[in-house]
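**Student:** Below you will find the structure I want to go over with you.
The values are calculated or read from the model by the stated rules, or taken from the named source; none is laboratory data. Not measured: the values here are computed from a predicted model. Here the Cβ positions follow ideal geometry from the backbone for every residue, glycine too, while neighbour counts run over all protein chains shown.
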Amino acid sequence: MALCALARLWPGALAGCAEAGRCCPGRDPACFARGWRLDRVYGTCFCDQACLLTGDCCFDYSRACPARPCIVGEWSPWSGCADQCKPTARVRRRSVQQEPLNGGAPCPPLEERAGCLEYWTPQGQDCGHSFVPAFITTSAFNKERTRQAASPRWSADTEDAGYCMEFKTESLTPHCAMENRPLTRWMQYLREGYTVCVDCQPPAMNSVSLRCSGDGLDSDGNQTLHWQAIGNPRCQGTWKKVRRVDQCSCPAVHSFIFI
């Protein structure tokens, strides 16, 4: 009521961001108007995003400059591995459909990377089973891998069930615990002294020997074996073979696959 009465006595008293046509990102001292501020002081008021922190917004800032969050699209399909026959990375991306405005929520990451290893050249030659360390990733990747096209050496109806190796971890680098990216967070669950299960399944399994590289099956149980996490080459360590079993039965956070 008081503002309305003042407007009749003093034309233009309610001028603000809408009348001035101003809405500015960040801190912009030139983004101002004349009118009532939110703290009920009349004079110069601001229409920039920082006015919410300084408390000198024009009375109509929230209505004239509504906050709009960033909106992103769906993830693209995963790309192929960046290279064949060696540990590398795959990537997926999403695009911004609406930029954030007036202090709206910022955009989330637009790109994600994950480790991968392809065992076949474009000509169908087996090339990825010559690695001595065991390359591992989270067992969750196995569900995705089974949906991918079968490699040239494996028929679509392969019935080989593979096998599971149990290891007792002996050492690991501190870089594993530092991983907090969504697709590499599984490395945080690698712990010294824990028994872990590592599944050997196609296409990581050699089609001739029916073995996974670095499985340690030939070790006597006292031999120290090396492993490396796909997605962060600095996350690596050692373990010793416990036994081979038909199916893995470790908790999900301690279940991995050869890749």
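**Student:** Return yes or no: is Glu112 farther than 30 Å from Gly193 by Cβ and at pLDDT 70 or above?
**Tutor:** Judged against the criteria, Glu112 is a match.
**Student:** I'm trying to understand the selection: among the residues of the stretch 213-236, which are buried (at least 20 other Cβ atoms within 10 Å of the Cβ) and in contact with a His (Cβ under 8 Å, 6 or more places away or on another chain)?
**Tutor:** Passing the criteria: Ser213, Gly214, Cys235, Gln236.
**Student:** Determine if the stretch 19-30 includes at least one residue that is within 30 Å of Gly231 (Cα to Cα) and either touching a strand residue (DSSP E or B) at 6+ places or on another chain (Cβ under 7 Å) or modelled with pLDDT under 90 (or both).
**Tutor:** Looking through the stretch 19-30, none of the residues is within 30 Å of Gly231 (Cα to Cα) and either touching a strand residue (DSSP E or B) at 6+ places or on another chain (Cβ under 7 Å) or modelled with pLDDT under 90 (or both).
**Student:** Considering the stretch 102-111 alone, what residues qualify as being within 14 Å of Val72 (Cα to Cα) and either in contact with a helix residue (DSSP H, G or I) (Cβ under 7 Å, 6 or more places away or on another chain) or not in a loop (DSSP other than H, G, I, E, B) (or both)?
**Tutor:** Correct list: Glu111 only.
**Student:** Kindly check whether there is at least one residue in the stretch 36-55 that is among the aliphatic types (A, V, I, L, M), surrounded by fewer than 16 Cβ atoms within 10 Å (Cβ to Cβ) and part of a helix (DSSP H, G or I).
**Tutor:** Yes, that holds for at least one residue.
**Student:** Another question, then. When you scan the stretch 56-74, do you find a residue that is under 17 Å from Ile259 (Cβ atoms), among the hydroxyl-bearing types (Ser, Thr, Tyr) and in contact (Cβ under 8 Å) with a residue 12 or more places away in the chain, even just one?
**Tutor:** There is no residue in the stretch 56-74 that is under 17 Å from Ile259 (Cβ atoms), among the hydroxyl-bearing types (Ser, Thr, Tyr) and in contact (Cβ under 8 Å) with a residue 12 or more places away in the chain.
**Student:** Looking at the stretch 67-85 only, could you name the residues that are exposed (fewer than 14 other Cβ atoms within 10 Å of the Cβ), more than 19 Å from Arg181 (Cα to Cα) and out of contact with any strand residue (DSSP E or B) (no Cβ under 8 Å at 6 or more places or on another chain)?
**Tutor:** Asp83
**Student:** Please list, ordered by residue number, the strands (runs of 3 or more DSSP E) wholly in the stretch 178-255 having 1 or more residues that are hydroxyl-bearing (Ser, Thr, Tyr) and closer than 19 Å to Cys164 by Cβ.
**Tutor:** Strands (runs of 3 or more DSSP E) meeting the threshold: 195-200.
**Student:** Moving on to the next point. Only one of (1) modelled with pLDDT of 80 or more; (2) in a loop (DSSP other than H, G, I, E, B); (3) farther than 19 Å from Ser255 by Cβ fails for Ser171. Which number is that?
**Tutor:** Exception for Ser171: condition (2).
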